[in-house]
Amino acid sequence: IQRHNFLRRAKRLVVMDMDSTLIQQEMIDELAKEAGVTRKVAVITERAMRGEISFAKSLKKRVLCLRGLNESALERAYRRIRFTPGAPRLVKVLRRLGFKVALVSGGFTYFTDRIRKKLALDYAFSNTLEIRRGKLTGRLHGRIIDAEQKAKILSAIAKKEGILLDQTIAIGDGANDIPMLTCAGLGIAFHAKPKVQKKAHVSMSNHGRLDSVLYLLGISEQEITTLAR
């Protein structure tokens with residue numbers, strides 16, 4: 001149930017997480033497969049999910065497990081990416097309606113930059129893997145995009161575009177999306193963990209298609225079909 005006011009149909013910016021939201025994969029897990037360290041990475045992820053270590057610290061530890069991985073493995077992992085059903089349609093309709101669309105991810109620029117071009121997104125922010133002589137060093141460049149940074153980036157984009165926070169939408173599934181979801185005018189937990197569902201304004205745990213988000217904006221199926229042509 002949403003408040004029925006003019007802002008429901010006055011949204012102008014949509015910010016999405018990437019892994020398990022815009023796409024079906026978790027790319028750190030895909031890279032772990034390539035490096036043969038799947039279980040090692042999973043243990044670190046589990047510790048982070050239990051709140052034993054921060055997202056930033058867990059990310060550094062997981063990336064360190066990838067040290068020595070050939071750059072060509074990133075391309076193989078990219079080829080396995082599958083968009084969440086309805087994701088391209090959602091972006092296409094939003095773009096035709098004049099929305100700004102951004103990808104803000106705790107993942108890696110190697111993938112987000114390509115997806116940005118593929119879907120013609122306005123912005124993409126994520127972490128940069130350090131690569132030297134064709135191999136991953138196990139380190140990251142620059143500031144880590146964690147939960148706090150995600151919320152700050154949403155606010156910064158809105159300010160740059162002259163958009164009120166009440167006119168923004170955030171979509172995500174993980175605990176590191178919670179600040180972004182609660183900061184936005186409409187925070188949508190998509191196939192999210194129970195903790196995230198409780199914090200978000202709306203939960204879409206039983207809807208398989210990402211373009212179902214359009215119904216929350218008051219857009220009918222007929223209108224969606226017309227705009228998606």
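The values are calculated or read from the model by the stated rules, or taken from the named source; none is laboratory data. Keep in mind it's a predicted model, so treat the numbers as computed, not measured. Here the Cβ positions follow ideal geometry from the backbone for every residue, glycine too, while neighbour counts run over all protein chains shown. To get the accessible areas, we keep the full protein, side chains included, count just its heavy atoms, and leave off ligands, DNA and RNA. Shrake-Rupley method; radii C 1.70, N 1.55, O 1.52, S 1.80 Å.
Here's the yes/no breakdown for (1) modelled with pLDDT of 95 or more; (2) open to solvent by less than 10 Å² (accessible area, probe 1.4 Å); (3) on the phi < 0 side of the Ramachandran plot:
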site	(1), (2), (3)
Ile153	yes, no, yes
Ala158	yes, yes, yes
Asp166	no, no, yes
Ile188	yes, yes, yes
| task | Tell me, yes or no, whether segment 7-26 has at least one residue that is at pLDDT 95 or above, closer than 25 Å to His191 by Cα and of a type in the set (Gly, Ala, Ser). | result | no
| Given the structure, is Thr112 open to solvent by less than 40 Å² (accessible area, probe 1.4 Å) and part of a strand (DSSP E or B)? | no
| note | The condition of being in contact (Cβ under 8 Å) with a residue 40 or more places away in the chain and not β-branched (Val, Ile, Thr) holds, among Asp146, Asp113, only for Asp146
| said: Name the residue that is surrounded by the fewest Cβ atoms within 10 Å (Cβ to Cβ), counting only residues in segment 194-227 that are charged (D, E, K, R) and in contact (Cβ under 8 Å) with a residue 40 or more places away in the chain. | reply: Arg209
| message | Name the single residue that is nearest to the chain's Cα centre (by Cα) among those in segment 130-170 being among the aliphatic types (A, V, I, L, M) and in a strand (DSSP E or B). | response | Ala170
| Criterion: among the β-branched types (Val, Ile, Thr) and open to solvent by less than 60 Å² (accessible area, probe 1.4 Å) - qualifying residue of Thr38, Thr45 | Thr45
| query | Restricting the search to segment 8-24, which residues are open to solvent by less than 30 Å² (accessible area, probe 1.4 Å), under 18 Å from the mean Cα position of the chain (by Cα) and not aliphatic (A, V, I, L, M)? | reply | Asp17, Asp19, Thr21
| query | Could we say that Glu75 is without any contact (Cβ under 8 Å) to a residue 40 or more places away in the chain, farther than 25 Å from Lys193 by Cβ and open to solvent by less than 30 Å² (accessible area, probe 1.4 Å) here? | reply | no
| Any residue at all in segment 10-17 that is part of a loop (DSSP other than H, G, I, E, B) and acidic (Asp, Glu)? | yes
| message | Any residue that is open to solvent by less than 40 Å² (accessible area, probe 1.4 Å) and without any contact (Cβ under 8 Å) to a residue 40 or more places away in the chain - is there at least one of those in segment 93-108? | response | no
| Leading residue by the ranking (modelled with the lowest pLDDT) among those in segment 75-128 that are among the charged types (D, E, K, R), in contact with a strand residue (DSSP E or B) (Cβ under 7 Å, 6 or more places away or on another chain) and more than 16 Å from Glu30 (Cα to Cα) | Arg95
| query | Which residues, taken from segment 29-58, are in contact with a strand residue (DSSP E or B) (Cβ under 9 Å, 6 or more places away or on another chain) and at pLDDT 95 or above? | reply | Asp29, Leu31, Glu34, Ala35
| Which residues, counting only those in segment 18-35, are over 14 Å from Leu103 (Cβ atoms) and either of a type in the set (A, V, I, L, M, F, W, C) or in a helix (DSSP H, G or I) (or both)? | Ile28, Asp29, Glu30, Leu31, Ala32, Lys33, Glu34, Ala35
